[in-house]
Structures are given as structure tokens and as C-alpha cells.
Amino acid sequence: MLPLKCWLILPCIFICCGRQNTAKSGPDSALDSGRTLASDSAESTETHWRPGKMESLRVAVNEVFSALSKRDTAVVQNYIHPVYGFWMIVRPGAIDYLVHEKTLSRGWTKSGRIGRLDSVLPLQLGKAPVFHCETNTWNRAGFFVDTLRNDNRLLQVVQFLNEQHLQKFTPVEISSIYTLLATDVKVVYTKDREDLGVTFQLSWIGGRWWLSVLNLVESDCSA
């Protein structure tokens, strides 16, 4: 059996290469435009981004975002896969750690790193905003679903924690990461450039969207 480090590197190569080879798109457009996109997952087909699936993504994004902004644990739980669960990226001190759960605990509701829904912004398909700690602001505001990025914070944290022997991951947890990241999209909402924002990822598994990653440190510059 390959060492854990090798298993961690392999999916990173697969996912990053797949995203970089994806056909580049034109200007940002609304999710309901029905724009066809190439996909980088094992489930991919010519109809991966068919209009029906795009509509289900739009519904899932809005429902998960609304539930997160209202701290509605029950609704969020409906979007957690019973087998693969979801991952939270947290920062209890100076280092990011990962929490893997199948049942959402109420502890996350106390996080101050989730912005609240104050206004409805149009949902767009395009490059997600980036938070800059130098200015403590996002490079732009808006509500975005990013399907073409070539970075993944979850994999970066897993690799760092493993290399530094700071957190151990079981084969089941590693398998969960592979599965969830194979078909994920990143969602970022920030009502203005100074807002904390909400950042999460959704994955397409078994014909529907599931919450795969809740990133509580995207706008955290405390490290």
C-alpha cells in the first residue's frame, strides 16, 4: 500500500490538472443562463452541466447559503451526505485544522466567520472573490459559483497537516475527500468588500448536490 503522503499527492495532481485543462469560459454569466461547461470528474459526460443540473445547483446554493446565514442546522443537515459527510476548515489558533462530520453539531453556529444575508445579490457563474489580508478586504463583492478554479484549500490543509504530523486521517476520511472533491464547486458570497462572507463547496454525488466543505477561515487573517 502506498504511504499516506503519496495518496494525498495523487488526487491533487488529478484534480489540479483536470481543472487547468478545462476549456476557458467567457465573461461571467448568471447560473440560469444554461451555459455548458466542461467537467473534470469521473462522472463527467457531455451533459454534465445540462440545464436541469444547473437549475438544481442554483437551488442547492441558495438553500445552503440561506441556512448557513440563518444558522439553520436542520436544513444544512439535509445537505450532508450520510456516507461521505462534510469537512469544516477551522482555525482554533495559528494553524488551520479539519473537522469531518456526518451529523452537524451546533458548535459551528457560534462561529463569527460567517457573514449574514443582508441583501439578495444575483448568483453568478465565475471566478470566486479572493480575500486579501493586506487590506482586509475582498478583491470584489458578489455571489459566485466557481467551477473552474485550480486551487483547493481542503487538499492544501490536509497535505500540510500530514507533512507536519499535526493531524491524522483515516483511510475512510481520505476516501471521503477524494469522492467529495471529484465533482465540487466553490461558492463565495460577500455583500461588500469588507464583509466576512460565506464560503462553502458543493459536490455532485448520486444525482444531487451535497455540502462537502464549509470554510470558516477564508477571510480569517489571524494566523
Percentage relative contact order, region 151-213, counting C-alpha pairs under 8 Å, at least six apart: 23
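Students often get this wrong, so check it: of K53/K186; K102/K186; K70/K168; K53/K102, which have C-alpha atoms separated by over 27 Å?
Pairs exceeding 27 Å: K70/K168.
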Order of E134, E173 from fewest to most other C-beta atoms within 10 Å? E134, E173
Among residues other than S176 whose Cβ falls under 14 Å from its Cβ, what is the net charge (Lys/Arg +1, Asp/Glu -1)? -2
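Coordinate-derived values only; no laboratory data. Because the structure is a prediction, the values reported are computed rather than measured. Here the Cβ is made from the backbone with ideal geometry for all residues, glycine too, and neighbour counts use every protein chain on show.
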